[in-house]
Amino acid sequence: MPGMPKNRSNPVDATPAGRLVEASLHHVLGYQLAQATIVTGAVFAERVGTPFDLRPVEFTVLCLIHENPDVSAARLAKALAVTAPNIAAWLERLERRELIRRTPHATDRRAQHLRTTPTGATLASNATRSVIEGEQLALGNLSKGEQMILIELLHKVAVSRSA
């Protein structure tokens with residue numbers, strides 16, 4: 001039938017699972033990111049989520065605090081493009097687990113500095129190492145150079161977001 005997509009089995013334009021034709025979506029970045037997230041999400045769940053009991057956003061918040069000692073909740077919220085109530089809930093969970101601690105700001109009574117505890121620092125380092133190892137294995141069909149290029153290109157996309 002004219003205008004109808006042909007059912008092809010070419011791996012370039014078929015979904016990885018289910019073997020559906022995706023030719024019109026092949027060049028849609030959002031679609032490809034979503035498909036790649038299926039892979040990286042499974043790696044995260046296996047390597048960090050289950051063993052370290054961290055959700056992806058909690059892992060991100062913990063690592064950002066670890067790498068940015070004395071960061072404020074407001075800066076974290078801005079960096080992650082989330083609301084103050086959301087960041088507050090994630091911080092509360094990490095604090096309950098004794099992975100982070102809050103200390104009052106010297107001059108602004110409303111603000112607090114955030115730091116990882118020794119336990120939180122160790123967990124951030126171990127979880128990061130584990131997820132990187134898992135992603136490298138999952139992306140074994142890419143060379144090390146291609147993996148680095150992919151990360152750099154995705155970072156360029158991410159930093160194009162307006163501040």
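General remarks:
- The residues on offer are 81, 77, and the sole one that is under 21 Å from residue 162 (Cβ atoms), open to solvent by 60 Å² or more (accessible area, probe 1.4 Å) and among the aliphatic types (A, V, I, L, M) is 81.
- Exclusive hit being out of contact with any Lys or Arg (no Cβ under 6 Å at 6 or more places or on another chain) and part of a loop (DSSP other than H, G, I, E, B), set 106, 34: 106
- Tally of residues being open to solvent by 50 Å² or more (accessible area, probe 1.4 Å) and either without any contact (Cβ under 8 Å) to a residue 24 or more places away in the chain or over 11 Å from residue 63 (Cα atoms) (or both) across the stretch 114-129: 4
- Residue match in the stretch 72-95 (condition: part of a loop (DSSP other than H, G, I, E, B), among the basic types (Lys, Arg) and out of contact with any strand residue (DSSP E or B) (no Cβ under 7 Å at 6 or more places or on another chain)): no
- Hey, residue 48 closer than 25 Å to residue 155 by Cα, open to solvent by less than 80 Å² (accessible area, probe 1.4 Å) and either in contact (Cβ under 8 Å) with a residue 60 or more places away in the chain or within 16 Å of the chain's Cα centre (by Cα) (or both) or not: yes
- Residue 153 vs. criteria closer than 25 Å to residue 78 by Cβ and assigned to a helix (DSSP H, G or I): yes
The values are calculated or read from the model by the stated rules, or taken from the named source; none is laboratory data. Computed from a predicted model, the values in this text were never measured in an experiment. Neighbour counts are summed over all protein chains in view; Cβ atoms, including those assigned to glycine, are modelled from backbone coordinates with ideal geometry. All accessible areas refer to the heavy atoms of the entire protein, side chains included, with ligands and DNA or RNA removed. Shrake-Rupley method; radii C 1.70, N 1.55, O 1.52, S 1.80 Å.
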